[in-house]
Amino acid sequence: MKTRFKIETPEFKGPFDIELTIGSGQTSQPAWQKNGKYFQELVFVDNKPCLVKIAHKPNSDDPIDIIAESKEDIEKEHIKARIMEIFGLNDDLPKLYDFLRNDPNLEPTIDFCKGLRLFKANNLFESVICSITSAHNSIRQWNKAINLLKEKFGDKYKFSSGTFYSFPSPQVLANAPEHEFDEEECGPELLKTRASWKDLRSCRVGYRSKYIIKASEMVQSEIDLQKINQMDYETAFDTILKIPGVGPKVGDCILLYGYGFGKAFPVDIWISRIVAKLYFDGKNVSNPKMRKFGIERFGNYAGYTQLYLFHYARKSGLMKTLKK
DNA sequence: CGCCAGGACTACT
DNA sequence: AGTAGTCATGGC
């Protein structure tokens with residue numbers, strides 16, 4: 001079936017900039033593929049594969065334009081609900097902006113990030129592996145690596161506008177070879193020509209391949225990702241940190257983008273720099289203290305505050321001066 | 001060549 | 001509880 005429908009502006013509150021949201025480097029899932037004015041990706045609705053195309057004139061009153069394509073019939077309302085969830089369209093941005101305006105340090109981020117929303121994960125496991133792979137990696141390289149993982153280990157789905165791959169299951173990644181062939185065995189030339197070998201290292205995840213395998217094993221046994229949904233934030237944090245490759249920053253990313261814990265405040269190098277400048281007079285503050293500060297000061301808006309500060313710090317040019 | 005990328009882990013005090 | 005060294009890989 002192929003359906004086309006719209007999400008009208010009264011159905012979501014405040015501005016929406018889809019290109020900014022998709023391209024802001026949120027580690028829930030790679031950026032959606034751009035095709036003309038549409039962004040497109042394979043999404044699972046009611047466990048059925050569905051190609052979603054979405055377009056919207058940034059920060060306008062125009063409705064959001066959506067085309068959905070699937071073999072099996074899927075209820076339109078279910079597709080809409082998934083899209084609303086993935087792009088944070090249930091979040092009340094005017095209310096967030098009222099909150100940000102209350103703090104002179106945060107007020108400048110509003111105009112700069114207008115329409116930026118949380119970009120939520122397609123599934124919990126994907127958010128775990130995506131966030132693990134993002135650690136000590138560039139956003140570009142991280143995007144490439146995840147797309148390689150999907151191509152080599154995911155399931156293939158063909159649609160009229162292209163071929164897409166699902167994110168691989170924990171079973172598949174747990175059994176993926178780490179490095180079937182290395183340079184010592186077959187030499188650099190053969191390694192190049194055989195770039196499609198199905199091992200994790202060929203996905204360019206580097207030393208994180210060990211974490212990916214162990215994490216995939218763990219979510220099949222001792223850790224039930226679904227169960228974390230019902231935990232309070234701090235218990236969820238302690239639980240997710242048991243997964244190898246998941247430290248405080250990655251854990252908070254999973255809790256924010258995967259589970260939607262609004263309190264999560266991922267502290268990375270950029271947040272550390274800008275929060276130190278804005279709230280600690282430029283002094284060095286440890287990451288745990290920084291995290292505690294964010295949670296206590298920003299409460300349920302901590303996640304969005306972090307998102308806005310992160311984007312502001314990176315793109316405004318403000319940080320060049322103090323990037324010692 | 002060296003340095004950095006939305007850090008985590010290990011091995012130390 | 002806090003602190004250096006190390007970890008693949010690619011871009012600049």
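Here are the numbers for this structure:
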| item | result |
| --- | --- |
| Extension gain (nm, one decimal) between A:E85 and A:W197, 0.36 nm per residue minus Cα-Cα | 36.8 nm |
| Residue-level accessible surface for A:K13, protein heavy atoms, 1.4 Å, Å² | 120 |
| A:S221 versus A:K34: modelled label distance in nm, points set 7 Å from Cα along the beta carbon direction | 4.4 |
| Column: log10 I(q)/I(0), Debye, Cα scatterers of the range A:2-92, q = 0.11, 0.13, 0.17, 0.23 Å⁻¹ | -0.28, -0.40, -0.70, -1.33 |
| In Å², nearest 10: area of A:R201 left accessible to a 1.4 Å probe | 70 |
| Vicinal HN-Hα couplings computed from phi for the range A:222-238 (Karplus, 6.51 cos²θ - 1.76 cosθ + 1.60; Hz; Gly/Pro x) | 6, 10, 9, 4, 5, 4, 5, 4, 8, 7, 6, 4, 5, 5, 4, 4, 4 |
| Above-threshold pairs, the threshold being 28 Å between Cα atoms, out of A:K2/A:K198; A:K120/A:K152; A:K34/A:K156 | A:K2/A:K198 |
| Magnitude of the charge dipole, chain A, Cβ model with Lys/Arg +1 and Asp/Glu -1, debye to 20 | 960 |
| Alpha-carbon centroid distance for the pair the range A:1-73 / the range A:274-298, whole angstrom | 35 |
| Percentage relative contact order, the range A:236-324, counting C-alpha pairs under 8 Å, at least six apart | 27 |
| Stokes-Einstein D for chain A, Kirkwood Rh over Cα pairs, 25 °C, 0.890 mPa s (µm²/s) | 118 |
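The values are calculated or read from the model by the stated rules, or taken from the named source; none is laboratory data. As the structure is a prediction and not an experimental result, all values here were calculated from the model. When we count neighbours, we look across all protein chains shown, and the Cβ atoms used for this are built from the backbone with ideal geometry, even at glycine. The protein model used for the area step is the full one, side chains on, heavy atoms only, and it has no ligands, DNA or RNA in it. Shrake-Rupley method; radii C 1.70, N 1.55, O 1.52, S 1.80 Å.
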